[in-house]
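Structure first, commentary second.
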Protein chains: 2
Amino acid sequence: HLESRARLQQLAQVPSVTPDGETLELAANISSVKELDAALGSGAQGVGLFRTEFLYMDRSRFPTEEEQYEVYRMAAEKLQGKPLIIRTLDIGGDKQLDYHELPEEENPFLGFRAIRFSLSRKDLFKVQLRAILRASAYGNVQIMYPLIASVEEVREANGVLAEAMGELEAEGVPFRKDVPTGIMIEVPAAVAVAELLAEEVAFFSIGTNDLVQFTLAVDRMNEQISYLYEPYHPAVLRMLRAVVQAAKRRGIQVNVCGELAGDVRAMPIWLGLGIHELSLSAQAILPVKETMLRTYARESRALMEEIFKLRTAKEIRDRLERFHAEATLAAGNVRPGV
Amino acid sequence: HLESRARLQQLAQVPSVTPDGETLELAANISSVKELDAALGSGAQGVGLFRTEFLYMDRSRFPTEEEQYEVYRMAAEKLQGKPLIIRTLDIGGDKQLDYHELPEEENPFLGFRAIRFSLSRKDLFKVQLRAILRASAYGNVQIMYPLIASVEEVREANGVLAEAMGELEAEGVPFRKDVPTGIMIEVPAAVAVAELLAEEVAFFSIGTNDLVQFTLAVDRMNEQISYLYEPYHPAVLRMLRAVVQAAKRRGIQVNVCGELAGDVRAMPIWLGLGIHELSLSAQAILPVKETMLRTYARESRALMEEIFKLRTAKEIRDRLERFHAEATLAAGNVRPGV
Ligand SMILES: [Mg+2]
Ligand SMILES: [Mg+2]
């Protein structure tokens with residue numbers, strides 16, 4: 001195990017390119033600046049998802065603008081120009097605050113969460129956006145809104161962002177005026193209107209965890225039906241394809257930041273569909289990279305054409321497994337990419 | 001009010017046809033045989049949704065095959081050859097049984113419900129299917145599975161149906177051997193794989209209530225976010241369109257049985273997309289019919305082309321309102337269809 005870890009570690013500095021020369025960026029999901037070191041040590045090409053809710057949890061009041069700014073700036077500086085996508089507060093659902101009671105809900109996953117909370121508390125939302133904007137003077141900072149379901153929500157969020165920019169401008173505080181804003185694609189509605197949303201934002205990041213839950217109407221935490229939580233469901237793959245197609249038509253970037261991104265079996269899906277970037281936990285980066293270094297994009301595209309003809313998740317999983325077995329065999333004893 | 005009620009009542013026997021000669025069948029949603037009389041009095045052309053869960057609720061044990069058979073047969077006979085679509089048990093979510101405890105769930109709408117329950121209790125499921133099959137000898141009975149999310153679930157349910165048929169056959173009990181089976185389309189996954197599902201079943205019935213909930217990730221019972229429950233969301237309309245397109249490609253029928261079907265504002269959506277049948281509460285049938293009798297299918301199709309270019313639910317609702325205002329104006333004082 002130690003040996004394989006050392007072997008993987010050698011891949012950290014290898015360019016993130018398939019054998020047939022296509023790139024797929026590997027970025028990190030982080031919840032704190034501390035986690036950034038491990039991510040960079042594994043060769044992360046940026047942060048695709050900074051989960052800011054952990055700044056809001058484990059304390060006794062909402063963090064101030066100054067407190068947030070310090071954290072975001074530190075992360076931006078450590079990244080030295082690599083992208084830092086900061087997701088605005090994604091509270092609610094199964095994530096609660098000790099000091100601010102959210103209403104009891106019958107179905108919290110379908111409830112008052114994420115951007116819904118932020119848009120209902122624009123005062124708090126603006127504090128966060130000001131902190132992010134101020135940090136944007138120190139690196140390649142980008143903003144991402146969670147749980148977007150409509151064009152209206154993006155516009156409303158961007159309206160608060162514009163206000164925050166106006167204030168900072170008036171105060172003479174520096175920030176990046178063209179800070180890119182993107183959205184999580186994790187609500188089925190966002191998939192269905194991806195073509196409309198693509199005109200409002202600079203990038204999409206597909207959150208597979210929630211997207212699979214809502215698409216299948218399955219709470220992944222519910223043990224009674226966990227067998228129905230199936231990321232390789234043909235419906236999920238069709239939704240991924242629809243998002244990529246909409247993004248490509250408008251020329252915007254599509255990332256994937258859910259758990260599925262860290263599943264090495266899914267690599268031909270990303271290469272086959274033409275995803276730009278995966279955002280992964282630090283420990284998933286190198287295993288995923290190892291798989292990428294021996295997966296041909298061309299073969300992945302052909303595989304996806306086959307896979308879109310299959311009717312069940314089991315058929316899809318079996319086909320992916322066969323693809324990997326053949327790729328491993330073809331790679332033989334050659335250490336890929338080294 | 002009485003006068004307008006009497007005027008509406010005259011429409012009960014008028015053929016259900018648009019001014020330009022296209023038909024849209026109007027069937028009823030019922031929860032008991034008692035409700036069938038009111039529905040037939042309003043000119044219902046059949047039952048598009050018999051909610052059988054009420055046979056299972058308000059009692060102290062599961063209903064026997066004989067008890068269910070009596071009810072289904074009575075409904076079939078009353079309908080005298082008009083279609084009777086019986087939905088298999090749709091328990092769970094917010095519908096519980098006193099005598100059979102379902103597990104406590106964090107998100108019951110995303111939980112152990114409907115066909116998931118039936119497939120986990122094939123003994124109970126088979127009792128219901130046997131009762132329905134026996135009733136099928138007495139009318140135009142059809143079977144509908146709720147909350148279908150995959151091809152596998154349909155096949156598994158049909159497997160139990162085949163077993164029930166085999167048993168009845170062996171017992172020499174008469175039933176309709178080609179009883180049509182259909183599914184509710186109410187899970188976003190079912191929309192995404194509608195083309196695959198259409199090869200497994202004889203009809204679709206779109207359940208707008210759950211479909212809107214899952215598509216928007218909004219619990220419609222949650223007051224905190226009820227403003228986000230929006231059936232006229234452009235994503236919902238795109239999903240309706242996708243379902244109709246898949247069904248048409250395979251030549252199967254598409255009905256709509258959610259609450260949206262009873263909203264007269266939605267009429268041009270059904271005519272424009274080419275829905276076959278609406279299934280409505282008894283009191284909604286005549287108001288919906290009145291609207292249909294003055295709504296041109298041709299104009300509805302043109303309207304939908306416009307509507308699919310709009311970006312927000314508000315724009316869509318406004319456009320629908322304008323369409324209705326113009327149609328009412330055009331109809332003038334002429335009593336439509338009489
Ligand atoms: Mg999420
Ligand atoms: Mg339902």
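Taken together, the values in this text are just the output of simple stated rules run on the coordinates, not laboratory data. Just so you know, these numbers come straight off a predicted model, no measurement behind them. Using ideal geometry, Cβ is built from the backbone for each residue, glycine included, and neighbour counts are taken over all protein chains shown.
Some values worked out for this structure:
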read-out	value
Given (1) of a type in the set (S, T, N, Q); (2) under 16 Å from the mean Cα position of the chain (by Cα); (3) within 16 Å of ligand 1 (Cβ to nearest atom), number of the condition A:THR181 does not satisfy	(3)
Selection within region B:201-223 - among the aromatic types (Phe, Trp, Tyr) and within 16 Å of ligand 1 (Cβ to nearest atom)	B:PHE214
Test: residue in region A:111-120 that is away from ligand 1 (no atom under 16 Å from the Cβ) and farther than 29 Å from A:VAL151 by Cβ	no
Neighbours by Cβ (under 7 Å, 6+ apart or cross-chain): first from region A:216-234, more than 8 Å from every other protein chain (Cβ to nearest Cβ) and surrounded by fewer than 23 Cβ atoms within 10 Å (Cβ to Cβ); second of a type in the set (A, V, I, L, M, F, W, C) and in a loop (DSSP other than H, G, I, E, B)	A:TYR229/A:VAL218
Options A:ALA282, A:ALA302: the member that is within 25 Å of A:GLN253 (Cα to Cα) and in contact (Cβ under 8 Å) with a residue 40 or more places away in the chain	A:ALA282
Hits in region B:114-142 - residues which are out of contact with any Leu (no Cβ under 7 Å at 6 or more places or on another chain) and among the aliphatic types (A, V, I, L, M)	B:LEU119, B:LEU124, B:VAL127, B:ALA131, B:ILE132, B:ALA135, B:ALA137
Some residue of region A:242-254 being within 16 Å of ligand 1 (Cβ to nearest atom), touching a residue at least 40 places away in the same chain (Cβ under 8 Å) and in contact with a Ser or Thr (Cβ under 7 Å, 6 or more places away or on another chain)	no
Any hit, region B:185-200, residues being more than 16 Å from ligand 1 (Cβ to nearest atom) and closer than 16 Å to B:PHE50 by Cβ	no
Subset of region A:237-246 (residues that are farther than 14 Å from A:ALA192 by Cβ and either away from chain B (no Cβ under 13 Å) or in contact with a helix residue (DSSP H, G or I) (Cβ under 6 Å, 6 or more places away or on another chain) (or both))	A:VAL244
Residue in region A:176-193 that is at positive phi and not acidic (Asp, Glu) present	no
Some residue of region B:168-190 being within 16 Å of ligand 2 (Cβ to nearest atom) and away from chain A (no Cβ under 14 Å)	yes
Filter result (among the polar types (S, T, N, Q), surrounded by 18 or more Cβ atoms within 10 Å (Cβ to Cβ) and in a loop (DSSP other than H, G, I, E, B)) within region A:1-51	A:SER16, A:THR18, A:SER42, A:GLN45
Yes/no for A:GLU105 being more than 23 Å from the chain's Cα centre (by Cα), within 16 Å of ligand 1 (Cβ to nearest atom) and not aromatic (Phe, Trp, Tyr)	yes
Residue in region B:68-76 that is of a type in the set (Asp, Glu), out of contact with any helix residue (DSSP H, G or I) (no Cβ under 6 Å at 6 or more places or on another chain) and more than 17 Å from B:ASN29 (Cβ to Cβ) present	yes
Helices (runs of 4 or more DSSP H) wholly inside region B:52-139 containing at least 3 residues that are surrounded by 16 or more Cβ atoms within 10 Å (Cβ to Cβ) and within 13 Å of another protein chain (Cβ to nearest Cβ)	B:114-120
Of residues in region B:202-211 being more than 9 Å from every other protein chain (Cβ to nearest Cβ) and surrounded by 23 or more Cβ atoms within 10 Å (Cβ to Cβ), the one nearest to A:ILE148 (Cα to Cα)	B:LEU211
